Amino acid sequence: MDSTPHPEESQPNVSSAGPNAGQPVMAQLAPQGPCPPQPPRRRRRWPLVLLVLVLMGSLAVNLVLFGAAGIGALAGVDSESKVREQYHSLNRWGADKVAVISLEGAILESDGFVKQQIDRIRKDEGVKAVVLRVDSPGGTVSGSDYLYHHLREAIAERNIPLVVSMGSIAASGGYYVSMAVGDTPESIYAEPTTFTGSIGVIIPHYDISKLLADWGIEQDSVSSHPLKGMGSPAKPMTEEERKIFQSLVDDGFKRFKQIVQDGRPALKENPDALDKLATGQIFTADQALANGLVDKIGFIEAAIDRAIELAGLNTANVKVVKYKKEPTLADVFFGAQARSQGFDLNILLDMTAPRAYYLCTWLPSLVGKSK
């Protein structure tokens, strides 16, 4: 075979003319147009940003956790009682305190904020008198009696007077707790537009068996005894069940009337008058005054003045205080209102139990409880 290299394959391209004749020439590509300027490449900074956010979040949490005690001490927070004392009226620097305990909303729990306020006045030797501010339609029999008992006990231990100031409603269980004033004269004040009374007991029951039958749903529970399922809304109430429930109501009603007699001496001397009032009826402030259920028509300021008088204090040296809930971490980050909105499953479950109520309503509260 011919091994002689072909000139076009082995020889570099040389210039045949010009000053560089005989020198190799590198092949060049023709430009396709002007190239746009390229921006400088930026470094990705999101890992650094994420690290900064994590460190800031950690710092914030530590400030809340470890600084809460110091901040609480400066703000007058008692971490044990979980309540915050706030100035209400009169002399901000007074040595003697009149404490306003707030009972607001339906009484569906016993060991809650109201109990915490009671515990606070038990420990505070500076409290010389108490005003119970009631704005409640009542609640469970046991919850109402629990608050009544501990309020009476605290007042007796401290040997200080108690005066009640009724807000828009102080009915049924709200009226029951108000009887903690005992036989103290002129100790219950109702505002001109207050609704009160509703002395009675109710165990709510709803028969939805016909509605369930229309939907093809049957009661098919398994229990140790037929009475174990008494009060179920999925079936009509039997006569035996009704008698049992009525006996529970009667016992609770008897106790309610006894509590009223202890708090209203005039009605204790006249049982017939109490029987006429203890029908579950709601009364206006004027009607309640005429029937001896309250002592005076007046606002909270009048109740405070009466408490000062009963305690024998000098008004110029009295500081009136009230209490608020101690904010939690959830309150700090999400707000108390955000946590309190919506349907409370615990209350729904509470409704399914056959429970007696000192409550001024035909339907237990769905979305609130005592504060």
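The values are calculated or read from the model by the stated rules, or taken from the named source; none is laboratory data. A quick note: this is a predicted structure, and the numbers were derived from the prediction, not measured. All Cβ positions, glycine included, derive from the backbone under ideal geometry; neighbour counts span all protein chains shown. Heavy atoms of the whole protein, side chains included, go into the accessibility calculation; ligands, DNA and RNA do not. Shrake-Rupley method; radii C 1.70, N 1.55, O 1.52, S 1.80 Å.
Looking at (1) part of a strand (DSSP E or B); (2) more than 25 Å from His88 (Cα to Cα), can you tell me which one Ser142 breaks? Here Ser142 clears every test but (1).
Against the list (1) closer than 30 Å to Ser209 by Cα; (2) part of a helix (DSSP H, G or I), the condition Glu309 fails is (1). Selection of region 260-285 for residues being part of a helix (DSSP H, G or I) and among the acidic types (Asp, Glu) yields Asp262, Asp272, Asp275. Does region 179-193 contain at least one residue that is free of Cβ contacts under 8 Å to residues at least 40 places away in the same chain and out of contact with any Cys (no Cβ under 7 Å at 6 or more places or on another chain)? No, region 179-193 contains no residue that is free of Cβ contacts under 8 Å to residues at least 40 places away in the same chain and out of contact with any Cys (no Cβ under 7 Å at 6 or more places or on another chain). On the given criteria, is Asp305 closer than 20 Å to Gly167 by Cβ, out of contact with any Pro (no Cβ under 9 Å at 6 or more places or on another chain) and either open to solvent by less than 50 Å² (accessible area, probe 1.4 Å) or not small (Gly, Ala, Ser) (or both)? Yes. Pairs are defined by a Cβ separation below 9 Å, a sequence spacing of at least 6 or placement on different chains, a first member in region 208-219 that is at positive phi, and a second member that is part of a loop (DSSP other than H, G, I, E, B); no pair meets this definition.
Consider region 210-248 and keep the residues that are under 34 Å from the mean Cα position of the chain (by Cα) and polar (S, T, N, Q). The one that is surrounded by the most Cβ atoms within 10 Å (Cβ to Cβ) is Ser232.
Reported count of residues in region 103-117, each being crowded, with 21+ Cβ neighbours inside 10 Å and either closer than 16 Å to Leu162 by Cα or of a type in the set (S, T, N, Q) (or both), is 3. Pairs are defined by a Cβ separation below 8 Å, a sequence spacing of at least 6 or placement on different chains, a first member in region 271-299 that is under 10 Å from Thr194 (Cα atoms) and basic (Lys, Arg), and a second member that is modelled with pLDDT under 95 and surrounded by 17 or more Cβ atoms within 10 Å (Cβ to Cβ); no pair meets this definition. Out of Pro192, Pro161, one residue alone is crowded, with 21+ Cβ neighbours inside 10 Å and more than 17 Å from Val260 (Cβ to Cβ). It is Pro161.
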